[in-house]
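Engineer: Before I ask anything, here is the structure I am working with.
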Amino acid sequence: MESPHPSAPAPDTPEAPELTVTTGRLEPGLLRDLRALAEAAEAADGNPPFSDQTWVELRAAEDPERVRTVTAWLDHAPGREGELAGAAVAVLPEPGAGPGAPGVLELVVHPNCRCQGVATAMARELSAQPAPAPLQAWAHGSHAAAARLAEQFGYAPVRELLRLRLTHHSPEDPVWREDVPAGVTIRAFVPGRDDAAWLAANAAAFAHHPEQGSLDQADLDARKAEPWFDPAGFLLAVDGAGELLGFHWTKVHPGVDGHAPLGEVYVIGIVPSAQGRGLGRVLTVAGIRHLQRRGVDAVMLYVDADNTAAVELYRKLGFTRWDTDVMYAPSR
């Protein structure tokens, strides 16, 4: 949802934006425009406005009815030829997700076009569309403007996703020991060979997670095709028989505008049968050590605020709170 900090003054009388509704995957030109819009917003806000899964759906949605994109233009928008003023993307649940399963809404407005009714117009357009499933909206960064927009449309916060950051650590602290349990080996993911085993382990580790646990081969392939994908930073913990016990998938965000690259603890999972053996801490440390060997010192991660065990581990490792993503759902 839109940030409350405009970087250009609004006109005295805001004009109504021109709205277009698109279903399914986006054609390449519009996808490029959306990338440019997202990059401008991230540069201003410090948060990416769309999740990785939303980009996957926008590029390669197989069911055209599952993805709806509202784009907004203003005549005075900067770079009017090919630059969007705003976009809202709704991704409906998979057909087999079960009755009542929600879809996900994400919305962004160009920093130069905020406080001009663009977000409200796009949200109103989406709410007027037929609704085969309820939508839950992510606000990437806990912004007052997002909270006001959510309240206006009858949404209330239902989930907090903390964004934590590590910039300094004490390597001599015992919590940083890489004491891998006996009989366990940590190795890099091998694309193709490890796909099926990882998908099964991920589904088991995140059986109750509405997003991560439902990833399939197409989702994995889409991430492997991303420029940031590096199998050397996708670490697997296996036992003596080669069975996958857990994993730590790292990610590196390239530095822009003179800033150093930023590492990410992208996802860590432990299969239920291997939990309680300390593998979560071991894999976390191994992944961060890998990033540091690459010269990436600053590391961030996302964790649910109510996952107290994980939050406490990250606190012991030296992570501190950086920002918060908030999910909103209909309250009436």
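The values are calculated or read from the model by the stated rules, or taken from the named source; none is laboratory data. Because the structure is predicted, anything quoted here is derived from the model rather than measured. Positions of Cβ are backbone-derived with ideal geometry, glycine not excepted, and every protein chain shown enters the neighbour counts.
Engineer: Inspect all residues belonging to region 145-160 and state whether any of them is touching a residue at least 40 places away in the same chain (Cβ under 8 Å), assigned to a strand (DSSP E or B), surrounded by 21 or more Cβ atoms within 10 Å (Cβ to Cβ) and not small (Gly, Ala, Ser).
Structural biologist: Scanning region 145-160 turns up at least one residue that is touching a residue at least 40 places away in the same chain (Cβ under 8 Å), assigned to a strand (DSSP E or B), surrounded by 21 or more Cβ atoms within 10 Å (Cβ to Cβ) and not small (Gly, Ala, Ser).
Engineer: I've got another one for you. Of the numbered conditions (1) out of contact with any strand residue (DSSP E or B) (no Cβ under 7 Å at 6 or more places or on another chain); (2) within 20 Å of MET327 (Cβ to Cβ), ARG59 fails exactly one; give the number of that condition.
Structural biologist: (2)
Engineer: Another one. Can you find a residue in region 195-214 that is within 24 Å of PHE319 (Cα to Cα), among the aliphatic types (A, V, I, L, M), touching an Asp or Glu at 6+ places or on another chain (Cβ under 8 Å) and at pLDDT 95 or above?
Structural biologist: No: region 195-214 contains no residue that is within 24 Å of PHE319 (Cα to Cα), among the aliphatic types (A, V, I, L, M), touching an Asp or Glu at 6+ places or on another chain (Cβ under 8 Å) and at pLDDT 95 or above.
Engineer: Would you mention how many residues in region 268-296 are part of a strand (DSSP E or B) and out of contact with any His (no Cβ under 8 Å at 6 or more places or on another chain)?
Structural biologist: Initial filter on region 268-296 (part of a strand (DSSP E or B)): 268-270.
This time we only want the ones that are out of contact with any His (no Cβ under 8 Å at 6 or more places or on another chain), so: 269-270.
Matching residues across region 268-296 total 2.
Engineer: Does any residue in region 11-39 that is under 18 Å from CYS115 (Cβ atoms) come within less than 6 Å, Cβ to Cβ, of a residue that is at pLDDT below 95 and among the polar types (S, T, N, Q) six or more places away or on a different chain, and which pairs are these?
Structural biologist: Note: pairs meeting the criteria are PRO14/GLN116.
Engineer: Would you call ALA119 surrounded by fewer than 17 Cβ atoms within 10 Å (Cβ to Cβ), in contact with a helix residue (DSSP H, G or I) (Cβ under 9 Å, 6 or more places away or on another chain) and either hydrophobic (A, V, I, L, M, F, W, C) or not in a strand (DSSP E or B) (or both)?
Structural biologist: Details: surrounded by fewer than 17 Cβ atoms within 10 Å (Cβ to Cβ): no; in contact with a helix residue (DSSP H, G or I) (Cβ under 9 Å, 6 or more places away or on another chain): yes; either hydrophobic (A, V, I, L, M, F, W, C) or not in a strand (DSSP E or B) (or both): yes.
Spelling it out, it is not the case that ALA119 is surrounded by fewer than 17 Cβ atoms within 10 Å (Cβ to Cβ), in contact with a helix residue (DSSP H, G or I) (Cβ under 9 Å, 6 or more places away or on another chain) and either hydrophobic (A, V, I, L, M, F, W, C) or not in a strand (DSSP E or B) (or both).
Engineer: Another one. Scanning region 181-206 for residues that are assigned to a loop (DSSP other than H, G, I, E, B) and in contact (Cβ under 8 Å) with a residue 24 or more places away in the chain, which turns out surrounded by the most Cβ atoms within 10 Å (Cβ to Cβ)? Give the steps one after another, and end with the answer.
Structural biologist: As a first pass, look at region 181-206 and keep what is assigned to a loop (DSSP other than H, G, I, E, B): 181-184, 189-194, 206.
From what is left, the residues that are in contact (Cβ under 8 Å) with a residue 24 or more places away in the chain are 181, 183-184, 189-191, 194, 206.
Values: PRO181: 13, GLY183: 10, VAL184: 18, PHE189: 22, VAL190: 13, PRO191: 14, ASP194: 20, PHE206: 16.
Of everything passing the filter in region 181-206, PHE189 is surrounded by the most Cβ atoms within 10 Å (Cβ to Cβ).
Engineer: Right, here's the next one. Can you confirm whether region 164-186 contains a residue that is farther than 29 Å from ASP323 by Cβ and in contact with a His (Cβ under 9 Å, 6 or more places away or on another chain)?
Structural biologist: Yes - at least one qualifying residue is present in region 164-186.
Engineer: Can VAL238 be described as over 28 Å from ARG321 (Cα atoms), at pLDDT 90 or above and not small (Gly, Ala, Ser)? Break it down into steps so the answer makes sense when it comes.
Structural biologist: Values: over 28 Å from ARG321 (Cα atoms): yes; at pLDDT 90 or above: yes; not small (Gly, Ala, Ser): yes.
Judged against the criteria, VAL238 is a match.
Engineer: I would also like to ask the following. Taking interchain pairs and intrachain pairs at least six residues apart, which have beta carbon atoms under 6 angstrom, with the first residue in region 48-71 and without any contact (Cβ under 8 Å) to a residue 40 or more places away in the chain and the second of a type in the set (Lys, Arg)?
Structural biologist: ALA61/ARG25
Engineer: State all residues of region 43-77 that are in a strand (DSSP E or B) and among the charged types (D, E, K, R); if no residue qualifies, say none.
Structural biologist: Of all residues in region 43-77, those in a strand (DSSP E or B) come to 67-73.
Result: ARG68, single match.
Engineer: Among the residues of region 3-39, write down those that are surrounded by 14 or more Cβ atoms within 10 Å (Cβ to Cβ), in a loop (DSSP other than H, G, I, E, B) and modelled with pLDDT of 50 or more.
Structural biologist: PRO14, PRO17, GLY24, ARG25, LEU26
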